[in-house]
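Report on one structure; see the data block that follows.
The values are calculated or read from the model by the stated rules, or taken from the named source; none is laboratory data. All values reported here derive from a predicted model rather than from experimental measurement. Cβ placement follows ideal geometry from the backbone for every residue including glycine, while neighbour counts extend to all protein chains displayed. Keep in mind that these areas ignore ligands, DNA and RNA; they rest on the heavy atoms of the full protein, side chains included. Shrake-Rupley method; radii C 1.70, N 1.55, O 1.52, S 1.80 Å.
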2 protein chains.
Amino acid sequence: LLSMALSLSRFGQKLCTHSGILELMDDLGNALSSGSGKIIMLGGGNPAAIPSMQAIWRQRTLEMLQKSPGQFDSMLGNYDPPQGRPEFIAAVVKLFQERFGWKIGPENVAITNGSQTSFFCLFNMLAGEFADGTNKKILLPVVPEYIGYADQGVSKNLFVAQEPAIERRDAHSFKYRVNFDSLEVGPEVAAIAVSRPANPTGNVLTNSEIAHLSALAKERGIPLIIDNAYGHPFPGIIFSEIVPPLWEDHLILTFSLSKIGLPGVRTGIVIANSEIIRCLYAANAIVSLANGNIGQALVAPLLASGELVTICQTCINPFYAEKAHHALACVKKSFDPAWPYFLHKCEGSPFLWLWLEGLACGTYELYQRLKARNVLVVPGKYFFYGLSEPWDHANQCLRINYSQPESTVSAGIKIIAEELAKVWT
Amino acid sequence: LLSMALSLSRFGQKLCTHSGILELMDDLGNALSSGSGKIIMLGGGNPAAIPSMQAIWRQRTLEMLQKSPGQFDSMLGNYDPPQGRPEFIAAVVKLFQERFGWKIGPENVAITNGSQTSFFCLFNMLAGEFADGTNKKILLPVVPEYIGYADQGVSKNLFVAQEPAIERRDAHSFKYRVNFDSLEVGPEVAAIAVSRPANPTGNVLTNSEIAHLSALAKERGIPLIIDNAYGHPFPGIIFSEIVPPLWEDHLILTFSLSKIGLPGVRTGIVIANSEIIRCLYAANAIVSLANGNIGQALVAPLLASGELVTICQTCINPFYAEKAHHALACVKKSFDPAWPYFLHKCEGSPFLWLWLEGLACGTYELYQRLKARNVLVVPGKYFFYGLSEPWDHANQCLRINYSQPESTVSAGIKIIAEELAKVWT
């Protein structure tokens, strides 16, 4: 069929081949486009459809159309600067200044077309190949870590990671802890990165863990990157009490509008020192030219007034908390208590993280068996990267998104239990 | 102020420093946010505000809100697959099949967060450093070429370019021609790329020039990339008669929703053979996760029905044609006929390309003098890259965006004439 043999650069060979995030997003997209009812979608990271949130975004759009048609026209019809929409940046600054007392200004904020693009630029500008021939790394102090980072390096082996300590909490519950005893921040480390709450586990690193990581980064003069996609102050899908980190010059904090119900607008927010922000938006101009304006225009007034934080606390957080509670009850009900299964302590995020200790067939095969039964989940192996040697544990884990309607989640978990019964009974 | 010395990778050093596109987008954004009236904005590539087009997008949004709230919710609240929104891809396929008889299917279409991101992925996956240590290039058969490509290589020297032949048409008009006599498509060339109409010149490569380039690419088994951001079938800002190219397996055709008045939605469209499309959306998953949905949702029905093409022919094209006519008249009126100035034949795009032959101070200095008088244009030097040696002509050229209101354009051109009078009288 092809008249030409496609030959790919190193960039192409790295980015254009199969990746975990591609499989996950393809599963997600195909499930959604297959129509409702057929696929039980417990994979992907699609946020829950929360009716009261949907009403807010419809209302905001209508309000702009009816009350500020000029603003609506300009939102669609004008390019913003690559750093982001000035009034949105001002709203971000206002929120963090007023709520948390952070001493930041507009020079500390950059917007991108979603956090995925924020991380693509940040990781590759900070680490990878250097002019002097050295290779620097992003240190992940805990894996499993977000599947979407795994293939973002334009050069090989961008990540170095370490296994966490596993704290067994009771017969069917555990929690990962940063293993500080063995954590080495070598000279090859350009930055430390964590998601909080963690995707895929729902683990929320404790304040003392964050303080320890921050001190290590500061001591080495490198950034600590904290991905707050599910965290404070929005969407606030955290069920444990945490104090938001203080602002410091060596922190890079990322936020997203996706989990307040707006993944379709692609808006990522980065707060960092002004030098990093300048570098980031310079790269953003080259990679993206400018950002999508819609999310920024819709959300700016709710950020500036602080109303968004209240909405997250009173609407989004309780919605997910109830779903989490229900999903945990489904697992307890469907799974045989004699099985060696363990759920990570559910501290935040829309995910349950299931460890099936000693599972002989491995969770990639389980994922395929479940897919054949129209249940989509994400197998664990994609979340363990940057380790110096393979870890059996990776193939015994599974990510379950519990944000779909309760009937969907319970039906899915029941089928997972049925498949497990085949191998474990 | 900084506690850490920021050290950047090769990627960072390449992408995070000053670039032409960053200067241009910063000028544009600052002009827009400074409020109307102060800055005369003849730089940037912001599309014209066409009231009838703005009304269409407002109407489409209202229609979705009122008639298909579920569709509206899903547009904001669900991730699409990284390849793009299935119904939008279907609409693209339908349009090109029905209007032009192209034998393409959904496997030949990928969506990105704007053409800038399309080119970032395409250029870097096709050219740059290869695993075998060789370096491959993107051949630009004509420079000046789009400023936004210039810095997109994650490795150095991504482009190889050649000067065009200059055809003098009359006392104040010229046209660039591909210099086929000297055009070499060496083994280091991974793809040939052109914009049509060209940004910045408004040059429309003739059908025979395109056929010649296509034959050269096909013979070498490499792609010919044609950037239709201003071209057929949408937005259709072409004033000369051209036949749209036939679809062939070695062509990569890019399109954008920006110039139909939607730069704020960031939607780029790529049509290519299925192997290239698969590579492109695999890279897109890693760089962007998913695309913005709004532009695709707004435009899909107008594409599927073909109505968009009619709107472009009856509304957008005449609007720009009239503006171009007016801008040319302004230049003729304001400029001294004794000056050695030449305008590129205005065949399309929202740009006038001005060659000030022999201008001693150079157009970068002229740009700065104009900026001091609140008139923004784009100096020529940024559009000439990939040449083996500097070309004086580059510093004698200037890009003028004529899509602002007529009073703005005539005021700006008058000030340009005043500054030229200082150096030429």
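Miscellaneous remarks
- Estimated from the Cβ-Cβ distance and a Förster radius of 25 angstrom, the FRET efficiency linking A:Leu62 and B:Ala49 is about 0.70.
- Accessible area (Å², per residue) of segment A:1-115, counting only protein heavy atoms and a probe of 1.4 Å: 40
- Sparse-neighbour loop sites [trypsin sites (Lys or Arg not before Pro); segment B:106-206; at most 13 other C-beta within 10 Å; DSSP]: B:Lys156
- Calculated FRET efficiency, B:Ala165 to A:Cys361, Cβ-Cβ distance, R0 = 60 Å: about 0.35 to the nearest 0.05.
- On a per residue basis, the convex hull of the C-alpha atoms belonging to segment A:274-409 measures out at 201 Å³.
- Cα-Cα pairs of the protein assembly as shown separated by more than 39 Å (percent): 38
- Per-residue mean of foreign Cβ neighbours for A:401-412 is 0 (Cβ atoms of other chains, 10 Å radius).
- Largest-first ellipsoid semi-axes for chain B, taking √(5λ) over the Cα gyration tensor eigenvalues, angstrom: 32, 27, 23
- At 7 Å out from Cα toward Cβ: B:Cys361 inter-copy label distances (nm, ascending): 7.7
- Restricting segment B:291-383 to trypsin sites (Lys or Arg not before Pro) in coil, as DSSP defines it, with at most 16 other Cβ within 10 Å: B:Arg373
- Sorted from closest to farthest, the other copies place their A:Thr17 label points 3.2 nm away, with each point set 7 Å from Cα along Cα→Cβ.
- Buried surface between chains A and B: roughly 7900 Å² of accessible area, summed over both sides, computed with a 1.4 Å probe on protein heavy atoms only.
- A protection proxy built from the mean count of other Cβ atoms within 10 Å ranks the segments B:147-154, A:414-421, most packed first, as B:147-154, A:414-421.
- The fraction of accessible area contributed by carbon and sulfur in segment B:292-425 is 53 percent, rounded to a whole number (1.4 Å probe; ligands and nucleic acids excluded).
- In terms of packing, defined here as the mean over residues of other Cβ atoms within 10 angstrom, the peptides A:73-83, B:178-188 line up highest first as A:73-83, B:178-188.
- Less than 5 angstrom separates the built amide H of B:Gly348 from those of B:Phe239, all sequence-distant by 5 or more or on a different chain.
- Cβ-derived FRET efficiency at R0 35 Å, A:Glu275 paired with A:Thr310, nearest 0.05: 0.55
- Sorted from shortest to longest, the distances between the A:Gly70 label points of this copy and the other copies are 3.9 nm, with each point 7 Å from Cα along the line through the beta carbon.
- Neighbours of B:Tyr402 by Cβ distance under 11 Å: Lys/Arg scored +1, Asp/Glu scored -1, total 0.
- Look at the stretch B:14-20: the mean tally of other chain Cβ atoms within 10 Å of its residues' Cβ atoms is 6.
- Bridge type composition, chain B - antiparallel percent by DSSP, nearest 5: 60
- Think of a 1.4 Å ball rolled over the protein heavy atoms: segment A:296-358 then has 36 Å² of accessible area per residue.
- The mean count of C-beta atoms from other chains within 10 Å of the C-beta of residues in A:104-116, rounded to a whole number, is 2.
- Among beta bridges from DSSP that stay inside the protein assembly as shown, the antiparallel ones total about 60%.
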